[in-house]
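S.K.: Mind looking over this structure? Questions follow.
The values are calculated or read from the model by the stated rules, or taken from the named source; none is laboratory data. Since the model is a prediction, treat every value here as computed from it, not as a measurement. FYI the Cβ positions are ideal-geometry reconstructions off the backbone, even for glycines, and counts take in every protein chain you see. These area figures cover heavy atoms from the full protein model, side chains too; ligands, DNA and RNA do not enter into them. Shrake-Rupley method; radii C 1.70, N 1.55, O 1.52, S 1.80 Å.
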Amino acid sequence: LSDTLGLPFPKLDTKPLSPQEVFKKELYNLTREITNNLSTAAVKDYAISRGWNINLLKEFNIGCISNYTQLLDSFKSRYSDKALKTVGFISKYATGVSFFAEKRIIFTIHDSWGRPIGFTARLLDYSSGDPRKYINSAASPIFKKRNILYNMHRARKALQRDESKILYLVEGQADALTLYAYGIKSVLAISGSAFTNEHMQEIKQFDLVVGCLDADLGGNRATRKLYSTYYKDTGKDLYLMMLPDGMDPDDFVRKEGIEKFL
């Protein structure tokens, strides 16, 4: 809050931080600063084609780094190479290129309290021949995919604000964004990782969970695991929304509309 409001923070008598705590603090500062430098300009056309307006991009901290070289010089003077490689702002390979410098749309991943902790980068141009459609920040002391569900801090606010405690659980970040754009605020994305016990603990606070994963082979397998894990842990049924073959929630809502989805 001090940083956000531009107010001086008082000096407190605290114990010296351990090297790991110092590194965690550096990672938090770096991810926040990257997030603050994401521009929506270069990804505007792509976002509009998906039905995401500029306000949505800003709310979710989505964009790209338009001044990569300049920002890298600034970061190198203030952050360690270890932190920059961990977040992915520089490649861990000597001849590699950072995904922040490529033609990708960057999705910020926040923890359940809303702090930026990592990034997912999606190709904008498939004609480049790069087989890596998605690239994620590496696991770090502040970012472990098995603990994270995309959009959790906003879903929590919706849970506190609304009488309805329905949660929609989807597979990809694009699915979560589209449902959110159409008014479904209590939506979480597993983000392509396996559903874990840590994820289970995060969603137990919701009264009714609707699983709506991709209608393909991988999505069907994930749905079975999701259902069995949820039922075993809670003793409650997980409601399942079965989409037409080959579709995901993003496709369905944009083609058929939100009312038919609901």
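S.K.: Working only within the range 227-249, note down all residues that are more than 18 Å from ALA176 (Cα to Cα), of a type in the set (Asp, Glu) and either open to solvent by less than 80 Å² (accessible area, probe 1.4 Å) or under 25 Å from the mean Cα position of the chain (by Cα) (or both).
M.R.: Passing the criteria: only ASP233.
S.K.: Assuming TYR150 fulfils every condition listed in (1) open to solvent by 20 Å² or more (accessible area, probe 1.4 Å); (2) free of Cβ contacts under 8 Å to residues at least 60 places away in the same chain; (3) within 18 Å of ARG32 (Cβ to Cβ) apart from one, which condition is it?
M.R.: Failing condition for TYR150: (1).
S.K.: Are there any pairs with C-beta distances below 7 angstrom linking a residue in the range 25-54 that is at positive phi to a residue that is part of a helix (DSSP H, G or I), with the two at least 6 apart or on different chains, and if so which?
M.R.: Partner pairs satisfying both residue conditions: GLY51/THR178; GLY51/ALA181; GLY51/ARG254.
Yes/no per residue for (1) under 24 Å from GLN70 (Cβ atoms); (2) at pLDDT 95 or above; (3) in a strand (DSSP E or B); (4) open to solvent by less than 10 Å² (accessible area, probe 1.4 Å):
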{"residue": "VAL97", "(1), (2), (3), (4)": "yes, no, no, no"}
{"residue": "PHE100", "(1), (2), (3), (4)": "yes, yes, no, yes"}
{"residue": "THR108", "(1), (2), (3), (4)": "yes, yes, yes, yes"}
{"residue": "SER112", "(1), (2), (3), (4)": "no, no, no, no"}
{"residue": "PHE119", "(1), (2), (3), (4)": "yes, yes, yes, yes"}
{"residue": "ARG122", "(1), (2), (3), (4)": "yes, no, yes, no"}
{"residue": "ARG132", "(1), (2), (3), (4)": "no, no, no, no"}
{"residue": "ILE135", "(1), (2), (3), (4)": "yes, no, yes, no"}
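S.K.: Based on what the data block shows, is LYS15 free of Cβ contacts under 8 Å to residues at least 24 places away in the same chain and surrounded by 10 or more Cβ atoms within 10 Å (Cβ to Cβ)?
M.R.: On the way: free of Cβ contacts under 8 Å to residues at least 24 places away in the same chain: yes; surrounded by 10 or more Cβ atoms within 10 Å (Cβ to Cβ): no.
Spelling it out, it is not the case that LYS15 is free of Cβ contacts under 8 Å to residues at least 24 places away in the same chain and surrounded by 10 or more Cβ atoms within 10 Å (Cβ to Cβ).
S.K.: Here are some residues: GLU59, GLU33. Which one is within 21 Å of PRO141 (Cβ to Cβ) and under 17 Å from the mean Cα position of the chain (by Cα)? First the steps, then the outcome.
M.R.: Working: GLU59 fails: within 21 Å of PRO141 (Cβ to Cβ).
Selected residue: GLU33, the only one of GLU59, GLU33 that is within 21 Å of PRO141 (Cβ to Cβ) and under 17 Å from the mean Cα position of the chain (by Cα).
S.K.: Turning to a different aspect of this structure: Read through the list (1) outside any helix (DSSP H, G or I); (2) farther than 24 Å from ILE65 by Cα; (3) in contact with a helix residue (DSSP H, G or I) (Cβ under 7 Å, 6 or more places away or on another chain), then give the number of the only condition that THR229 fails.
M.R.: Here THR229 meets the rest and fails (1).
S.K.: Moving on to the next point. I'm trying to understand the selection: among the residues of the range 180-226, which are part of a loop (DSSP other than H, G, I, E, B), under 17 Å from the mean Cα position of the chain (by Cα) and among the charged types (D, E, K, R)? So that I can check it myself, show each step before the final result.
M.R.: Initial filter on the range 180-226 (part of a loop (DSSP other than H, G, I, E, B)): 182-186, 190-196, 204-207, 212-216.
Applying the additional criterion that residues be under 17 Å from the mean Cα position of the chain (by Cα) yields 184-186, 190-196, 213.
Listed by number, the list holds a single entry, LYS185.
S.K.: Which members of the range 77-89 meet the condition of being in contact with a Leu (Cβ under 6 Å, 6 or more places away or on another chain) and farther than 13 Å from ILE135 by Cα? Walk me through how you get there before you give the answer.
M.R.: Step one: filter the range 77-89 for residues in contact with a Leu (Cβ under 6 Å, 6 or more places away or on another chain), giving 79, 83, 87.
Result: TYR79, ALA83.
S.K.: Can you run down the residue pairs with Cβ atoms below 8 Å, 6 or more apart or on separate chains, where the first is in the range 87-100 and without any contact (Cβ under 8 Å) to a residue 24 or more places away in the chain and the partner is open to solvent by 20 Å² or more (accessible area, probe 1.4 Å) and not hydroxyl-bearing (Ser, Thr, Tyr)?
M.R.: Short answer, once both residue conditions are applied: ILE90/LEU72; ILE90/ASP81; SER91/LYS85; SER91/VAL97.
S.K.: Next up: Failed condition for ILE166, given (1) in contact (Cβ under 8 Å) with a residue 40 or more places away in the chain; (2) open to solvent by less than 20 Å² (accessible area, probe 1.4 Å), with all others met?
M.R.: It fails just one condition, (2).
S.K.: Taking the condition of being farther than 28 Å from LYS157 by Cβ and not basic (Lys, Arg), how many residues in the range 89-122 meet it? Walk me through how you get there before you give the answer.
M.R.: Of the residues in the range 89-122, the ones farther than 28 Å from LYS157 by Cβ are 89-104.
Now drop any that are not not basic (Lys, Arg), which leaves 89-91, 93-102.
Summing the residues that are farther than 28 Å from LYS157 by Cβ and not basic (Lys, Arg) in the range 89-122 gives 13.
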